[in-house]
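The values are calculated or read from the model by the stated rules, or taken from the named source; none is laboratory data. These figures come from a predicted structure and were not determined experimentally. Here the Cβ positions follow ideal geometry from the backbone for every residue, glycine too, while neighbour counts run over all protein chains shown. Protein only, heavy atoms only, side chains kept; ligands, DNA and RNA dropped before computing areas. Shrake-Rupley method; radii C 1.70, N 1.55, O 1.52, S 1.80 Å.
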Amino acid sequence: MAISALDDPLLAGLLGDPEIAAWFTPEAEIGAMLQFEVALARAEAACGIIPEPAATEIVGLIDGFSPDMQALAQASGRDGLIVPGLVSQLRAAVPEANRAHLHFGSTSQDVIDTALVLRLGPCLDILEDRLRDILAALETFSDAHGAQPLMGRTRMQQAIAIRYADRLDNWITPLREVLGDLATVRAAAIRLQCGGAAGTLDKLGDAGPGVAAALGQELGLPVPTRHWQTNRRGLIALTNWCAAVTAALGKLGHDVTLMTQNEISELRVTSGGGSSAMPHKVNPINAEALVTLSRFVAVQSGGMQLAAVHEQERSGISWTLEWMLLPQIVAATGVASLRAKDLLASITLP
């Protein structure tokens, strides 16, 4: 088994999500960082901070730039992150007269955090589309079978008679709510990071706000009134949202595992997992995975609360912990959405 089950090639069929994973590759991260540097050069030229010819030269260089990835890996061991090494490589390729204009007034955190949200935005788009598909499938199933009688259970014991629609509503309502929350989560998390060395944009002087506004426009990102170098509320909102999504899907999955038990037989899974020893079995693999993923994300999102405490003007400690946790949370949420879609395509009444 790989260090992370989420990118283990042997478990890819169960715990893989290539569409989300593509946004967390080294290539995607470097691409977003270079996108930031291009936008910064253009924004600073537009605001008169660097000469227009220098910006044109920087943009042209970056367009064809291919970094030395091994050198970047070595730089991370020295510097704790890859941006100093990346900027050094870029500057080495720029004619000496314009080297000082590249990355001017910016800092590693501006590059890394902005590159992160440039990739998180598309991930949220993917998740939104999938959740809407899941919700539509549930509503269709409820329309078709919701009037059928079902035994309601509390604390896993028979309670009173209900309908299938009553239980399905307990799956549908949380999904409607998390979809309703998504615009607020986007506004909190998907924002430009532009603070400079210590959050004061000191090198840009009075032009700082104008450069930030132009940079945000170049990247298509909202510009907050203040940087969020040590204020990780937006990322906490995003990972808490992921925990709410996977909890809603985990509830669905847990109910299905119980409803498909032979002794209860309230639902049937038409495609499931087989057994190496018992060929008669059809195991509710997708439903089980939803429960596991919800618990995994709950654990990891708790770690994000710890990573939100940054000392002074920047924390290498909390920041590194965040890098270890956040991609796994988003990836696991993506996997849960895929497993839920597959599950709903396979359930029927017995």
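List of remarks:
- Every residue from the stretch 48-67 that is open to solvent by less than 80 Å² (accessible area, probe 1.4 Å), under 27 Å from the mean Cα position of the chain (by Cα) and over 24 Å from LYS203 (Cβ atoms): PRO67
- If only residues of the stretch 88-105 that are touching a residue at least 40 places away in the same chain (Cβ under 8 Å) and open to solvent by less than 40 Å² (accessible area, probe 1.4 Å) are counted, the one that is nearest to PHE65 (Cα to Cα) is LEU90.
- Odd one out for ARG42, checked against (1) open to solvent by less than 50 Å² (accessible area, probe 1.4 Å); (2) in a helix (DSSP H, G or I): (1)
- Taking the listed residues GLU322, GLU288, the one that is more than 13 Å from GLY253 (Cα to Cα) and either surrounded by fewer than 20 Cβ atoms within 10 Å (Cβ to Cβ) or in contact with a helix residue (DSSP H, G or I) (Cβ under 6 Å, 6 or more places away or on another chain) (or both) is GLU322, with no other qualifying.
- Qualifying residue in the stretch 293-311 (condition: in a loop (DSSP other than H, G, I, E, B), open to solvent by 60 Å² or more (accessible area, probe 1.4 Å), farther than 17 Å from LEU15 by Cα and polar (S, T, N, Q)): no
- Filtered residues of the stretch 23-37 (kept if part of a helix (DSSP H, G or I) and open to solvent by 40 Å² or more (accessible area, probe 1.4 Å)): TRP23, PHE24, PRO26, GLU27, GLU29, GLN35
- Filtered residues of the stretch 169-198 (kept if surrounded by 20 or more Cβ atoms within 10 Å (Cβ to Cβ) and not β-branched (Val, Ile, Thr)): TRP171, LEU175, ARG186, ALA189, LEU192, GLN193, CYS194, GLY195, GLY196
- Number of positions in the stretch 176-231 that are part of a helix (DSSP H, G or I) and basic (Lys, Arg): 3
- Hits in the stretch 299-344 (condition: more than 18 Å from the chain's Cα centre (by Cα), of a type in the set (A, V, I, L, M, F, W, C) and at pLDDT 95 or above): LEU343, LEU344
- Restricting attention to the stretch 222-235, the residues that are aliphatic (A, V, I, L, M) and either open to solvent by 20 Å² or more (accessible area, probe 1.4 Å) or in contact with an Asp or Glu (Cβ under 6 Å, 6 or more places away or on another chain) (or both) add up to 1.
- Considering LEU221, LEU127, LEU192, LEU201, the condition of being within 30 Å of VAL269 (Cβ to Cβ) and among the aliphatic types (A, V, I, L, M) is satisfied by LEU127 alone.
- Figure legend. Inter-residue proximity from the stretch 1-18: first residues open to solvent by 100 Å² or more (accessible area, probe 1.4 Å), second residues part of a loop (DSSP other than H, G, I, E, B), beta-carbon distance below 6 Å, spacing 6+ or different chains. Indicated pairs: MET1/ASP8.
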